[in-house]
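Trainee: Shown below is the structure under consideration.
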Amino acid sequence: MNAPATEQMDVAVSLTPIAEYSKTAAALAELATKYKGVLFDVSTKEGLAAAIKGRAELRGYRVALENTRKLIKAPALKRAQEIDSEARRITAELEALETPIDDQIKADERRKIAEDEAKVKAEADRLAAEDAARKEAEQKVLAAQRAEIDRQNAELAERKRQQDAIEADARRKIEEEQRQARAKIEAEQLAARQERDRLEAEAKAKRDAEEARIKAEQAAEAKRLRESEEKIAAERRAVEDAARKEREAQEERERVARAAEETRLREIARKESELLDARAMLNVFAERYGALAEFAGILKAIEAWRKAAK
């Protein structure tokens, strides 16, 4: 009599690992056979009654299973709550011991980060200051160069003004000489005409013979006057050509001298800029790698160069 019950219990245990659910698990296969896929004709009284009875049977098993679950879970739920509560208490005490140490470590990490950031910022500020100083020095050099060029341009303008004054004075002298020559010629011509009139009045009878002579004299005088004017014109052209050549030669000499001076100043500015850049690069190298033993020889040479450059 007991053997079938034991066998039934073993089968139920094999169906679920929760022993308290064994009865329901054992009945589940029978209930599935009995109700799974069954269609009740609820439109009839008998069919509706059968459906209500089947639902009640299944509900009874389900409610019983839920009550069993709550019953067997209550001790486990209490144990779980006690486990969680105790864990939270112990964790709080551990954190109370751990947090001050963690705060110290994090504070030191923040301090190191702040120091590194300060070093980076100081280096950036130093490089920016050096760059600004270099640019300021370059601006001073350029300003001096511009001032020198302006001075040379002013000197050139003054020399041109003086040359123009010399040429203007030469032109005035030539014009005055021409005016005096013309006045002299006019006076001589007037005297000749007066003389001719006088001679014509005194010896009209000798006019024909004297006229030929006078014409010859006038021709000679005209030739002399023409030669005199040509000589004056040639002298004026010679003076103007000499003045022009001297002016052009002076301008060329000044242009060559100005170009040479500008080239020299640019070369000085370039060398000074390169020297500043080299000094800045050596300073950065010395500050960045000064603590490395393998660069000791290089750093010693840099320091010697610094002392020599002062």
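The values are calculated or read from the model by the stated rules, or taken from the named source; none is laboratory data. Everything numeric in this text was worked out from a predicted model, so none of it was measured. When we count neighbours, we look across all protein chains shown, and the Cβ atoms used for this are built from the backbone with ideal geometry, even at glycine. We work out accessible area using only protein heavy atoms, side chains counted, and drop any ligands, DNA or RNA first. Shrake-Rupley method; radii C 1.70, N 1.55, O 1.52, S 1.80 Å.
Trainee: Residue check: is R244 of a type in the set (K, R) and surrounded by 14 or more Cβ atoms within 10 Å (Cβ to Cβ)? Reasoning before the result, please.
Mentor: Values: of a type in the set (K, R): yes; surrounded by 14 or more Cβ atoms within 10 Å (Cβ to Cβ): no.
No, not satisfied.
Trainee: Have a look at Q178, Q152 and point out the one that is under 30 Å from Q218 (Cβ atoms), open to solvent by less than 90 Å² (accessible area, probe 1.4 Å) and part of a helix (DSSP H, G or I).
Mentor: Working: Q152 fails: under 30 Å from Q218 (Cβ atoms).
Going through Q178, Q152 in turn, just one is under 30 Å from Q218 (Cβ atoms), open to solvent by less than 90 Å² (accessible area, probe 1.4 Å) and part of a helix (DSSP H, G or I): Q178.
Trainee: Which pairs turn up if I take residues in region 221-248 that are farther than 24 Å from R161 by Cα and look for partners that are β-branched (V, I, T) and open to solvent by less than 70 Å² (accessible area, probe 1.4 Å) with beta carbon separation below 7 Å, at least 6 apart in sequence or on another chain?
Mentor: Within 7 Å, the pairs are L225/I185.
Trainee: Of E117, E86, E138, E130, which residue is of a type outside the set (S, T, N, Q), part of a helix (DSSP H, G or I), closer than 30 Å to V284 by Cβ and open to solvent by 60 Å² or more (accessible area, probe 1.4 Å)? First the steps, then the outcome.
Mentor: On the way: E86 fails: closer than 30 Å to V284 by Cβ; E138 fails: open to solvent by 60 Å² or more (accessible area, probe 1.4 Å); E130 fails: open to solvent by 60 Å² or more (accessible area, probe 1.4 Å).
E117 is the lone residue from the list that is of a type outside the set (S, T, N, Q), part of a helix (DSSP H, G or I), closer than 30 Å to V284 by Cβ and open to solvent by 60 Å² or more (accessible area, probe 1.4 Å).
Trainee: To continue, here is another question. Do you know which residues across region 218-237 are open to solvent by 50 Å² or more (accessible area, probe 1.4 Å), farther than 19 Å from Q189 by Cα and in contact with a helix residue (DSSP H, G or I) (Cβ under 9 Å, 6 or more places away or on another chain)?
Mentor: E235, R236, listed by residue number.
Trainee: A further question follows. Any chance region 51-65 includes a residue that's over 60 Å from the mean Cα position of the chain (by Cα), farther than 27 Å from Y35 by Cα and at pLDDT below 95? So that I can check it myself, show each step before the final result.
Mentor: Quick first cut of region 51-65, residues over 60 Å from the mean Cα position of the chain (by Cα) only: 51-65.
With farther than 27 Å from Y35 by Cα added as a condition, the list becomes none.
Scanning region 51-65 turns up no residue that is over 60 Å from the mean Cα position of the chain (by Cα), farther than 27 Å from Y35 by Cα and at pLDDT below 95.
Trainee: Considering each of Q145, Q139 in turn, give the residue that is closer than 13 Å to A269 by Cβ and either among the hydroxyl-bearing types (S, T, Y) or free of Cβ contacts under 8 Å to residues at least 40 places away in the same chain (or both). Reasoning before the result, please.
Mentor: Details: Q145 fails: either among the hydroxyl-bearing types (S, T, Y) or free of Cβ contacts under 8 Å to residues at least 40 places away in the same chain (or both).
Only one candidate passes the filter, namely Q139.
Trainee: Here is a follow-up. Restricting attention to region 275-307, report how many residues are in a loop (DSSP other than H, G, I, E, B) and surrounded by 11 or more Cβ atoms within 10 Å (Cβ to Cβ). If you could, list the steps in order and put the result at the bottom.
Mentor: Restricting attention to region 275-307, the residues satisfying the condition of being in a loop (DSSP other than H, G, I, E, B) are 290-292.
Still in the running and surrounded by 11 or more Cβ atoms within 10 Å (Cβ to Cβ): 290.
So the answer is 1.
Trainee: Shifting gears a bit: Residues to consider are A212, A201; find the one that is part of a helix (DSSP H, G or I) and open to solvent by less than 80 Å² (accessible area, probe 1.4 Å). Walk me through it before giving the result.
Mentor: Numbers: A201 fails: open to solvent by less than 80 Å² (accessible area, probe 1.4 Å).
Residue meeting the stated conditions: A212.
Trainee: Give me a count of the residues in region 1-48 that are at pLDDT 90 or above and farther than 27 Å from E66 by Cβ.
Mentor: So the count comes out to 7.
Trainee: Would you confirm whether any residue within region 245-265 is modelled with pLDDT under 90 and in a helix (DSSP H, G or I)?
Mentor: Residues of region 245-265 modelled with pLDDT under 90: none.
Looking for residues that are modelled with pLDDT under 90 and in a helix (DSSP H, G or I), one finds none in region 245-265, hence no.
Trainee: Out of curiosity, is E95 within 60 Å of the chain's Cα centre (by Cα), surrounded by 10 or more Cβ atoms within 10 Å (Cβ to Cβ), in a helix (DSSP H, G or I) and modelled with pLDDT under 90? Steps first, answer last, please.
Mentor: Numbers: within 60 Å of the chain's Cα centre (by Cα): yes; surrounded by 10 or more Cβ atoms within 10 Å (Cβ to Cβ): yes; in a helix (DSSP H, G or I): yes; modelled with pLDDT under 90: yes.
When the stated conditions are applied, E95 passes them.
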